[in-house]
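The values are calculated or read from the model by the stated rules, or taken from the named source; none is laboratory data. This one's a predicted model, so the numbers in the text were calculated from it and none came from an experiment. Neighbour counts run over all protein chains shown; Cβ positions are idealised from the backbone, glycine included. Surface accessibility is based on the protein's heavy atoms, side chains included, excluding ligands, DNA and RNA. Shrake-Rupley method; radii C 1.70, N 1.55, O 1.52, S 1.80 Å.
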Amino acid sequence: MINFVFHHDQSQLPTYKEDCHPVLIYNSTNDKWKSNKCSIIANNVIDNIRDLGCHVSITAFDFLTIAMAVTAADSFYDRKNSDNSWSREFNLEIPLYKPALWGSSKEKLEKALGFLTGDKWNLTFLPNGLAAPTPKNSKNAKKRLSELKALNSVCLFSGGLDSAVGAIDLINGKSDYHPLLISHAYKGDAKKQNEVANVLNGNSFSRLSINADPHIVDELSNKTDITMRGRSFNFLAMATIGLSALKNANEDENIKSIIIPENGYIALNPPLTSRRLGSLSTRTTHPYYLNLIEEVLNEVGISCQLINPYELKTKGEMLKDCKDLDALKKAIPSTVSCSNWHRNNKQCGRCVPCIIRKSAIYKANINKDAPYTSEKLSTVANISGKDIKKDDVLALQAANKRLLNTSTNLKRWVRQSGPLPSEINRRNALVDTFRRGLKEVGELLKSEKLL
């Protein structure tokens with residue numbers, strides 16, 4: 001287990017040791033942190049929030065502090081260094097402005113994080129945390145405030161294909177939602193997000209982009225974990241900051257909607273084969289996880305509803321039903337779905353997200369996609385010998401064959417990724433969405449004579 005200690009005042013941090021990792025949060029000056037053997041996260045976040053031109057609640061800011069701490073620990077503790085090279089154990093000491101408020105929800109929050117990342121989390125909330133930042137009084141901040149007064153919801157906007165559909169449906173589709181789009185922009189993401197935003201119509205939306213920007217202590221060099229499963233937790237915390245800003249700007253506590261556009265197949269994401277449990281089955285938008293987070297937020301006084309309007313649609317169905325297909329077709333080449341994209345800024349075409357994306361575009365009969373390193377799945381599948389590059393194609397082949405087996409228990413299969421809702425009609429609908437999503441991939445595999 002590693003103890004991560006966080007503080008916004010560098011003088012309050014301990015010295016770095018193998019089992020004690022100090023992290024400076026929100027405040028770095030002239031890169032002095034590099035010579036003081038501590039890591040850093042959220043360096044520019046305060047300015048991003050102040051630029052909104054209105055106050056955000058102390059509770060929402062404390063939640064962001066928790067999320068930034070989780071992202072730092074998730075980034076700075078390489079899974080390869082854990083006992084089983086996968087599951088890690090954390091102890092986080094996090095200063096909050098109102099730590100007592102989170103006491104009764106601590107265990108549920110730890111449970112949600114464990115479900116999300118597959119790790120053991122122990123959160124200790126301490127006093128003397130940073131207060132929520134005061135808004136700027138600049139001309140630009142006043143302009144942002146006037147923009148917020150026209151909005152009534154927040155929507156996650158990652159630059160992925162699903163989030164593009166979500167934004168287009170809300171904005172170009174002239175829905176009742178006028179969203180603040182929330183982006184978590186790591187290096188290279190912002191350019192793609194801006195390109196997608198260019199297809200959105202009118203002035204019925206605004207954007208908030210925040211970069212956690214974690215930097216690890218020099219002594220550990222670049223030994224960071226690349227799975228970054230806690231990133232979606234940070235994304236939701238940024239959304240609560242946006243939601244709080246909207247409530248205050250509009251003086252309306254009834255603004256509650258946080259929209260999370262994700263196709264139902266990936267939201268469930270059951271393991272394709274028995275050996276892919278855990279490391280290859282992410283749970284970033286699983287209904288059980290979102291429900292736990294919503295419960296925690298409402299318990300501490302952040303009144304909200306986490307809504308995935310596409311939980312009963314496959315990715316292909318999302319594309320086909322998009323309310324502005326012309327805008328979507330323009331956006332598609334700029335969207336990113338690949339789990340390997342940050343390695344060479346080009347989508348691989350052979351990972352599970354890429355294959356599901358290709359399957360969706362095939363189903364929707366859309367001709368132009370983004371370029372891939374591997375355009376044809378048949379070429380990948382026919383690589384000779386054992387090669388990790390073809391693992392995902394083979395796993396999806398095996399999963400589709402299992403789907404065709406009449407003895408396969410779909411409900412049991414879907415439950416492997418997490419508990420399903422107790423309401424029977426919704427539970428059955430989710431299972432059927434998984435079936436249709438996997439079948440959608442099967443149609444692409446058939447087209448390349450791989451099934």
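Some points to look at:
- Conditions (1) crowded, with 17+ Cβ neighbours inside 10 Å; (2) out of contact with any helix residue (DSSP H, G or I) (no Cβ under 6 Å at 6 or more places or on another chain): number failed by LEU396: (2)
- Being at pLDDT 95 or above and charged (D, E, K, R) holds for only one residue in ASP31, ASP62, and it is ASP62.
- Looking only at segment 335-351, residues that are outside any loop (DSSP other than H, G, I, E, B) and open to solvent by 20 Å² or more (accessible area, probe 1.4 Å) come to 3 in all.
- Taking the criterion of being under 23 Å from ASN43 (Cβ atoms) and open to solvent by 50 Å² or more (accessible area, probe 1.4 Å), the only residue of segment 115-126 that qualifies is LEU126.
- Checked against the criterion of being at pLDDT below 95, surrounded by 14 or more Cβ atoms within 10 Å (Cβ to Cβ) and under 21 Å from ARG283 (Cβ atoms), segment 371-391 has at least one qualifying residue.
- Flag for ALA112 being at pLDDT below 95, under 17 Å from the mean Cα position of the chain (by Cα), of a type in the set (A, V, I, L, M) and surrounded by 15 or more Cβ atoms within 10 Å (Cβ to Cβ): no
Condition check ((1) among the basic types (Lys, Arg); (2) within 17 Å of ASN3 (Cα to Cα); (3) surrounded by 14 or more Cβ atoms within 10 Å (Cβ to Cβ)) across all residues:
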{"residue": "ASP51", "(1), (2), (3)": "no, no, yes"}
{"residue": "ARG79", "(1), (2), (3)": "yes, yes, yes"}
{"residue": "LEU92", "(1), (2), (3)": "no, yes, yes"}
{"residue": "SER105", "(1), (2), (3)": "no, no, yes"}
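Residues are listed down the side, and each one gets a yes or a no for (1) assigned to a helix (DSSP H, G or I); (2) of a type outside the set (A, V, I, L, M, F, W, C):
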site: ILE66; (1), (2): yes, no
site: GLU93; (1), (2): no, yes
site: LEU101; (1), (2): yes, no
site: LYS108; (1), (2): yes, yes
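- Within segment 420-451, the set of residues being over 24 Å from ILE383 (Cβ atoms), in a helix (DSSP H, G or I) and not charged (D, E, K, R) comprises ILE424, ASN425, ASN428, ALA429, LEU430, VAL431, THR433, PHE434, GLY437.
- Verdict on TYR362 being aromatic (Phe, Trp, Tyr) and in a helix (DSSP H, G or I): yes
- Any hit, segment 158-181, residues being under 23 Å from ALA370 (Cα atoms), among the aliphatic types (A, V, I, L, M) and surrounded by fewer than 23 Cβ atoms within 10 Å (Cβ to Cβ): no
- Condition broken by ASN194, with the remaining ones in (1) surrounded by fewer than 24 Cβ atoms within 10 Å (Cβ to Cβ); (2) in contact (Cβ under 8 Å) with a residue 40 or more places away in the chain satisfied: (2)
- Here the helices (runs of 4 or more DSSP H) wholly within segment 231-326 that include at least 1 residues being of a type in the set (Lys, Arg), over 18 Å from LEU64 (Cβ atoms) and within 20 Å of the chain's Cα centre (by Cα) are 315-320.
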